[in-house]
1. Take segment 242-260 and flag every residue that is touching a residue at least 60 places away in the same chain (Cβ under 8 Å) and open to solvent by 30 Å² or more (accessible area, probe 1.4 Å).
2. Would you pick out the residues in segment 115-129 that are modelled with pLDDT of 95 or more and surrounded by fewer than 19 Cβ atoms within 10 Å (Cβ to Cβ)?
3. Scan segment 91-106 for residues that are touching a residue at least 40 places away in the same chain (Cβ under 8 Å) and over 14 Å from PHE120 (Cα atoms) and report the count.
4. What number of residues within segment 73-89 are of a type in the set (Phe, Trp, Tyr) and without any contact (Cβ under 8 Å) to a residue 60 or more places away in the chain?
5. Go through segment 131-152 and give me each residue that's open to solvent by less than 40 Å² (accessible area, probe 1.4 Å), in contact with a helix residue (DSSP H, G or I) (Cβ under 8 Å, 6 or more places away or on another chain) and not in a loop (DSSP other than H, G, I, E, B).
6. Only one of these conditions is not met by GLN438: (1) surrounded by 11 or more Cβ atoms within 10 Å (Cβ to Cβ); (2) under 26 Å from the mean Cα position of the chain (by Cα); (3) modelled with pLDDT of 95 or more. Which number is it?
7. In this structure, does LEU79 turn out to be at pLDDT 95 or above, part of a helix (DSSP H, G or I), open to solvent by less than 30 Å² (accessible area, probe 1.4 Å) and among the aliphatic types (A, V, I, L, M)?
8. When you look at SER175, is it under 22 Å from the mean Cα position of the chain (by Cα), crowded, with 18+ Cβ neighbours inside 10 Å and not acidic (Asp, Glu), yes or no?
Amino acid sequence: MEYPTLQKSWKRGMHSLAIVYPNLYYGGVYSLAPLILYNIVNHLSNWSCERKFLDKCEGLKHFDLLGFTFQYELDYFNLFNILKENQIPFEKEQREEIIFAGGPCITSNPETLTRYIDFFVLGDAEEVTAEILHLYDKNQEKEIFLTSIAQLPGVYVPGKTKTIMPATADLNKSSYPIYQPLPEVVDKSYVFGRSFLLEVERGCPFTCKFCTIPTIYPKLKYRKIDLLIRAIQDGMKLDKREKVVMYAPSFVHPERKKLLQWLVDNNIPFSVPSLRLEYLDDDMLGLIRKGGQRSLTVAPEANERMRMLTDKKITDKAFLEMIDKAANYGFEQIKMYFIIGLPEQTIKDLDEMLAFIAEAKQRFGRRIHASINPLVPKPKTKYEHLPFDKEKCKEHVLYLNKHMTTKMKISDLNNAALEWKLAFAKDLDFMPLLQRHQQST
């Protein structure tokens, strides 16, 4: 059982939508996209909505519309596992069910799944969702419905939509997803615990060459602070939560300090996401520590030379000064994200990166956790013209494993290669890939 839920009495003429997070429940409950749709749809008088997950996906054939949100390309494989479990045909021409998809992967490239998905929602889903459901109310016959939505902003119906254009929403006019159901028992596997998710902004002002966020959300949007505070007050009371988790790519909201100070003054614990050093001054560090957070997450990405080449214009000196301050404020751990396989990246660059990590560890005097990820070029980024260089990444992994003195986690290169292929594919036949993927896992 979950709490709180939006319970609706069924009445004649009502329709139903399942929004599916195609991965495990303990992580998917914190995904904002299903929560947004869950709240929007259940506040419509003639619709009901349920969230479903990879390990909680029974009964999908009973819904009028099935929606999938894809945050990671590798979750495409779980789409087929879920359809198979519910005895729903994979290819859209062979089924009656209407399936749509959205999320960052889809907005970056909606063409990968065109053989299997009836329509796609690109960009912000808040405003276009109600329009889609309104047109379904008018006519449920599949082809007529798909034709009717084909020209809505943010909707892409393969073969019917002439101009693909992501939808945009005004965050200050869209209602906030206050209902955020969690199971009655939340154990340590639920990484955010009994938290209320607070999306403070959408988009990012920075243009790092490897990142898709500036193209998925080309306009940075902030929620007004009075609306954020009201959402916290309503959500913490309704959901009976213990803390607030900030939901933002960079957390650069112009009134971020005012928001954190309000939380501190009201004795509400909180945590913040990965932070940009340009916005991480003494005031921010002090507020974050007062809010109960014991670790910080930053992304140096590489040594200073390579960092500059990726358009992340932050010096090693700035990072190390921040680490000194973090130690003084009593933080217990710093998580750092790095990228290997970058164009022009050499062994000398790796040596400088290792030296930087070693100095950071020595100055901090506590735990430094390094996460190493291969560069996976993505569509609509400044690296989209590059292939995935598996051999270069393998060389870098072997070198780091031999010379790294700090505990590190390195992402799987085979999965990264597959992620790159899926990110750029068009009208892909998944069946051979699916068979090989199942054998490998």
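1. First pass over segment 242-260, keeping only residues touching a residue at least 60 places away in the same chain (Cβ under 8 Å): 245, 247.
Result: TYR247, single match.
2. Passing the criteria: only ARG115.
3. Looking only at segment 91-106, we keep the residues that are touching a residue at least 40 places away in the same chain (Cβ under 8 Å), and these are 96, 98, 102-105.
Applying the additional criterion that residues be over 14 Å from PHE120 (Cα atoms) yields 96.
Selection size over segment 91-106: 1.
4. The initial filter retains those residues of segment 73-89 that are of a type in the set (Phe, Trp, Tyr), namely 76-77, 80.
Filter once more, keeping what is without any contact (Cβ under 8 Å) to a residue 60 or more places away in the chain: none.
Qualifying residue count, segment 73-89: 0.
5. Of the residues in segment 131-152, the ones open to solvent by less than 40 Å² (accessible area, probe 1.4 Å) are 132-133, 135-136, 142, 145-146, 149-150, 152.
Going one step further and asking which of them are in contact with a helix residue (DSSP H, G or I) (Cβ under 8 Å, 6 or more places away or on another chain), we end up with 132-133, 135-136, 145, 149, 152.
Result: ILE132, LEU133, LEU135, TYR136, PHE145, ILE149.
6. Failing condition for GLN438: (3).
7. yes
8. On the way: under 22 Å from the mean Cα position of the chain (by Cα): yes; crowded, with 18+ Cβ neighbours inside 10 Å: no; not acidic (Asp, Glu): yes.
It is false that SER175 is under 22 Å from the mean Cα position of the chain (by Cα), crowded, with 18+ Cβ neighbours inside 10 Å and not acidic (Asp, Glu).
The values are calculated or read from the model by the stated rules, or taken from the named source; none is laboratory data. Every value quoted in this text rests on a predicted model; they were computed, and no experiment measured them. Reconstructed Cβ throughout: ideal geometry from the backbone, glycine too, with neighbour counts over all protein chains shown. Only protein heavy atoms, including side chains, enter the accessible area calculation; ligands, DNA and RNA are left aside. Shrake-Rupley method; radii C 1.70, N 1.55, O 1.52, S 1.80 Å.
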